[in-house]
Amino acid sequence: MLEAFSYLFVPPLHPLQEVSEKKPAMLQAALDSDAHYDTFFVGSSLTEEGLDPNAFAQVWGGTAFNAGLAGSANVTFASQMIQSIIEKKKPSLIVYGIEHFAFDRGVKEQDTQMFRFLNLYRQRTQIKRWIGRIVRGRFERPPAFWDARAHVADFDKRFSKFDSAVLHDNGWVEVHALASMTGATEDPFPGPFRKEPVQVMAIDSIKKLSRETGVPVIFVQFPQSNTAIAASKQRFPGFDDFMRSDVSNDGFIYLNFNSTLPFPRGDASLYYDGAHLNSEGAKLFAPLLAAEIAKYCHHDGARIVCDKASN
């Protein structure tokens, strides 16, 4: 009876959201399995949908898994994810897709415990999400069904055309869609670049873990469209300055594909909205990223050795 009642609150989801909600369980299974991957990609939806691991591995070698998760942009979450991956899977390389909005907030519910995000945050029914937040002391009103309908309609405005989304067994969410750049002219994160101290501390934790374990972590800005970059023009320069001073100058490789590194950011056919690469964009970006990493890193047996000197 309660389950039937809960469906009064189940929001209709866009097909892309339906696919993304299957990812946490897949990621959990991958981390618990005996399967080995040489390279892991960590980040938010820009990573989850923006890179084909197979296309990367064809250039870089070995095997790769895309551990990006939509909605998990904060550095604190990425730090815990990277620690879990290194402890459980012992990869030779981690690529962290980092964004300017990853530093905005303090510790949120998905950041406080590694797999709370996997076990609670992404429950299928909205009523379960609501109950979960009450249990954790974060009250949120039950959503109105019409609000959810409006959300899906708003979500759909990101596309000029949407065909399908597919979750592959290598963790990549492949999106067959084209962007509507109209909405990309609005800045979703207005104001200058901001960084919460807890997020900066998480960056330091990632660097410390990389040094202690010998597993290189490469920080990457995945390519957003020129339209989206122009809309957030107050943020990108400050974010880039921070990454150069705090990450690159501290001996870590930082690759900014929203600046001078090669990618056709003006080609709208490679995006499904202003910030996210579609299927064609993800396939194009993977070998470009592998080639750029190869300028600074090389295989030394089972290890990856990186030389920061020329970055």
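The values are calculated or read from the model by the stated rules, or taken from the named source; none is laboratory data. None of the values given here were measured: they were computed from a predicted structure. No Cβ is skipped: glycine too gets one built from the backbone with ideal geometry, and neighbour counts run over all protein chains shown.
Looking at this structure, is LEU69 within 13 Å of the chain's Cα centre (by Cα), of a type outside the set (Lys, Arg), modelled with pLDDT of 90 or more and within 20 Å of ILE304 (Cβ to Cβ)? No. Here the helices (runs of 4 or more DSSP H) wholly within segment 1-52 that include at least 2 residues being at pLDDT 90 or above are 15-20, 23-32, 45-48.
Looking at the structure I just gave you, is ALA25 aliphatic (A, V, I, L, M), touching a helix residue (DSSP H, G or I) at 6+ places or on another chain (Cβ under 8 Å) and surrounded by fewer than 20 Cβ atoms within 10 Å (Cβ to Cβ)? Considered against the rule, which asks whether it is aliphatic (A, V, I, L, M), touching a helix residue (DSSP H, G or I) at 6+ places or on another chain (Cβ under 8 Å) and surrounded by fewer than 20 Cβ atoms within 10 Å (Cβ to Cβ), ALA25 comes out as yes.
Yes or no, residue by residue, for (1) among the aliphatic types (A, V, I, L, M); (2) at pLDDT below 95:
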site: ILE253; (1), (2): yes, no
site: LEU261; (1), (2): yes, yes
site: PRO264; (1), (2): no, no
site: GLY274; (1), (2): no, yes
site: LYS283; (1), (2): no, no
site: ALA294; (1), (2): yes, no
site: ALA302; (1), (2): yes, yes
site: VAL305; (1), (2): yes, yes
site: SER310; (1), (2): no, yes
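The set of residues from segment 205-219 being under 11 Å from PRO91 (Cα atoms) and not β-branched (Val, Ile, Thr) comprises GLY214, PRO216.
For segment 91-105, filtered to residues that are modelled with pLDDT under 95 and part of a loop (DSSP other than H, G, I, E, B), the residue that is nearest to ILE229 (Cα to Cα) is GLU99. Pairs are defined by a Cβ separation below 6 Å, a sequence spacing of at least 6 or placement on different chains, a first member in segment 262-288 that is in contact (Cβ under 8 Å) with a residue 60 or more places away in the chain and within 16 Å of ASN54 (Cβ to Cβ), and a second member that is β-branched (Val, Ile, Thr) and assigned to a helix (DSSP H, G or I); the pairs so defined are PRO287/VAL59.
Taken over segment 176-195, the criterion of being part of a helix (DSSP H, G or I) and hydroxyl-bearing (Ser, Thr, Tyr) is satisfied by THR185 alone. Among all positions in segment 295-310, there is at least one residue which is over 18 Å from the mean Cα position of the chain (by Cα) and of a type in the set (S, T, N, Q). Suppose we keep only residues that are among the aliphatic types (A, V, I, L, M) and more than 19 Å from the chain's Cα centre (by Cα) within segment 202-229. Which one would you say is farthest from SER84 (Cα to Cα)? The selected residue is VAL215.
Screening segment 192-209 for residues that are of a type in the set (A, V, I, L, M, F, W, C) and surrounded by fewer than 18 Cβ atoms within 10 Å (Cβ to Cβ) and picking the one that is modelled with the lowest pLDDT gives VAL198.
All told, VAL198 falls short of being among the β-branched types (Val, Ile, Thr), more than 30 Å from ASP156 (Cβ to Cβ) and part of a loop (DSSP other than H, G, I, E, B).
The lone criterion from (1) part of a helix (DSSP H, G or I); (2) surrounded by fewer than 13 Cβ atoms within 10 Å (Cβ to Cβ); (3) of a type in the set (Lys, Arg) left unmet by LYS161 is number (1).
When restricted to residues that are under 23 Å from ALA102 (Cα atoms) and surrounded by fewer than 23 Cβ atoms within 10 Å (Cβ to Cβ), segment 47-70 contains 1.
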